[in-house]
Amino acid sequence: MIEIDNSMLQDILSCSTRAWVKYVQHKWIREQDPKASERMQVGTLFHKLFEWTLERRDVYESLFSFETQYHAMFFEGVSQEKYTLANLLVIAEVWLRDLSIYFRDYDVLATEQILRMPLSESVTFFGTPDAVLENEHGIWIVDNKTTGWLSEEKKKFWARGSQGMGYWSLVTHYYGKEPRGVLWNALEIGKIPPYDGNMSKKCAKHSVKYGECQSLHVNKQMIGPVTYTKDQVASWYVQVINATARFATLQAQPDYAPVEMEGRFTYPGCSQCGLTDWCWGGRPVHLMSSMMEEYTWPRKETSLEE
């Protein structure tokens, strides 16, 4: 039995080497950059904020819980100014107040619930939408995206990528009816001005003191609702089946067998892959245990995307 999700699909279809290392050998390069851990933890904090909003918690109660968990996570401090508590609280409060209004008329069907859908006798597709909500118009899927830079390219990728189609298919299977749309709840985690901390300084953009306009510098956007046609979902289904066939081949590869490096033909491909040094060193299998650590999927942490 093969269980597969969108993250696995992206790896399998973009680079067989990465898929073989992560999902057959269950290993990944040891994390060397402490900033990566900070990004992961901050992403987790803001996903918790979203859940508290859906629970109809008071804004200040949520901010207090946010601060408490922040101190537990970062008791030794942080390496980047944008991850300081004061900066994150500005972003969190603006985001919370916006979400409490946007989702006030929605009922919660599920949050962080793993949904599964059989594709064949031997293949199951699974995924974990951040939230499945319902209002008078129908069912909605919400996925949070915290990122270091909320670019137009990222917005298009989220809206047109395979993740939304996977969630759409899972929710349709589980609830017996198609959703009304997928919402991408995007938030940029950056340093909020004034960068020198002088709240009395006049903002060049808004022509008022930063103390009056600081909240306007929080960059957030609700992308969607995105919908998919039956033809788009059918095409997605075919790609999933093809990917599972490729994955079955990778599972059958002995440890010493070379696999392809398709990442050389994609962007950013090999240039931003954690396996680059290992691959360019000849992909020595006997060095995997010293260069890599155990990798399990699905992982529980929520990543803040760069």
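The values are calculated or read from the model by the stated rules, or taken from the named source; none is laboratory data. As the structure is a prediction and not an experimental result, all values here were calculated from the model. Methodologically, a virtual Cβ is constructed for each residue, glycine included, from the backbone with ideal geometry; neighbour enumeration extends over all protein chains shown.
Being acidic (D, E), over 27 Å from H217 (Cβ atoms) and either surrounded by fewer than 19 Cβ atoms within 10 Å (Cβ to Cβ) or at pLDDT 95 or above (or both) is the requirement here; does E121 meet it?
yes
Do we find a residue being in a helix (DSSP H, G or I) and within 21 Å of R97 (Cβ to Cβ) anywhere in the range 157-165?
No, the range 157-165 contains no residue that is in a helix (DSSP H, G or I) and within 21 Å of R97 (Cβ to Cβ).
Out of A243, A252, report the one residue that is exposed (fewer than 11 other Cβ atoms within 10 Å of the Cβ) and either out of contact with any strand residue (DSSP E or B) (no Cβ under 6 Å at 6 or more places or on another chain) or hydrophobic (A, V, I, L, M, F, W, C) (or both).
A252
Please report, ordered by residue number, the helices (runs of 4 or more DSSP H) entirely within the range 3-62 with at least 1 residues that are out of contact with any helix residue (DSSP H, G or I) (no Cβ under 8 Å at 6 or more places or on another chain).
Filter on the range 3-62 gives 6-14, 34-54.
Can you tell me which residues in the range 73-116 are among the charged types (D, E, K, R), part of a helix (DSSP H, G or I) and farther than 30 Å from Y174 by Cα?
Of everything in the range 73-116, those that are among the charged types (D, E, K, R), part of a helix (DSSP H, G or I) and farther than 30 Å from Y174 by Cα turn out to be E81, K82, E93, R97.
Which of (1) out of contact with any Phe, Trp or Tyr (no Cβ under 9 Å at 6 or more places or on another chain); (2) touching a residue at least 40 places away in the same chain (Cβ under 8 Å) does G176 not meet, given it meets every other one?
Single failed check for G176: (2).
Identify the residue in the range 1-17 that is within 19 Å of the chain's Cα centre (by Cα) and of a type in the set (D, E) and, among all such residues, is modelled with the lowest pLDDT.
D11
Failed condition for L170, given (1) out of contact with any Pro (no Cβ under 8 Å at 6 or more places or on another chain); (2) closer than 25 Å to T44 by Cα, with all others met?
That leaves (1) as the condition not met.
So which of L85, L89 is in contact with a helix residue (DSSP H, G or I) (Cβ under 6 Å, 6 or more places away or on another chain), more than 26 Å from W297 (Cα to Cα) and surrounded by fewer than 20 Cβ atoms within 10 Å (Cβ to Cβ)?
Unique residue meeting the criteria: L85.
Identify, please: which residue in the range 255-287 is modelled with pLDDT of 80 or more, surrounded by fewer than 17 Cβ atoms within 10 Å (Cβ to Cβ) and of a type in the set (A, V, I, L, M, F, W, C) and is, among those, nearest to F157 (Cα to Cα)?
Ranking the candidates gives W280 first.
Which of the residues spanning the range 146-156 are surrounded by fewer than 21 Cβ atoms within 10 Å (Cβ to Cβ) and either in contact (Cβ under 8 Å) with a residue 40 or more places away in the chain or outside any helix (DSSP H, G or I) (or both)?
Of everything in the range 146-156, those that are surrounded by fewer than 21 Cβ atoms within 10 Å (Cβ to Cβ) and either in contact (Cβ under 8 Å) with a residue 40 or more places away in the chain or outside any helix (DSSP H, G or I) (or both) turn out to be G148, W149, L150, S151, K154, K155.
Any idea which residue in the range 206-240 is surrounded by the most Cβ atoms within 10 Å (Cβ to Cβ), counting only those that are outside any helix (DSSP H, G or I) and more than 22 Å from the chain's Cα centre (by Cα)?
Checking each candidate, the answer is K209.
Condition check: in contact with a Phe, Trp or Tyr (Cβ under 9 Å, 6 or more places away or on another chain), at pLDDT below 80 and within 30 Å of L49 (Cα to Cα). Does T302 satisfy that?
When the stated conditions are applied, T302 passes them.
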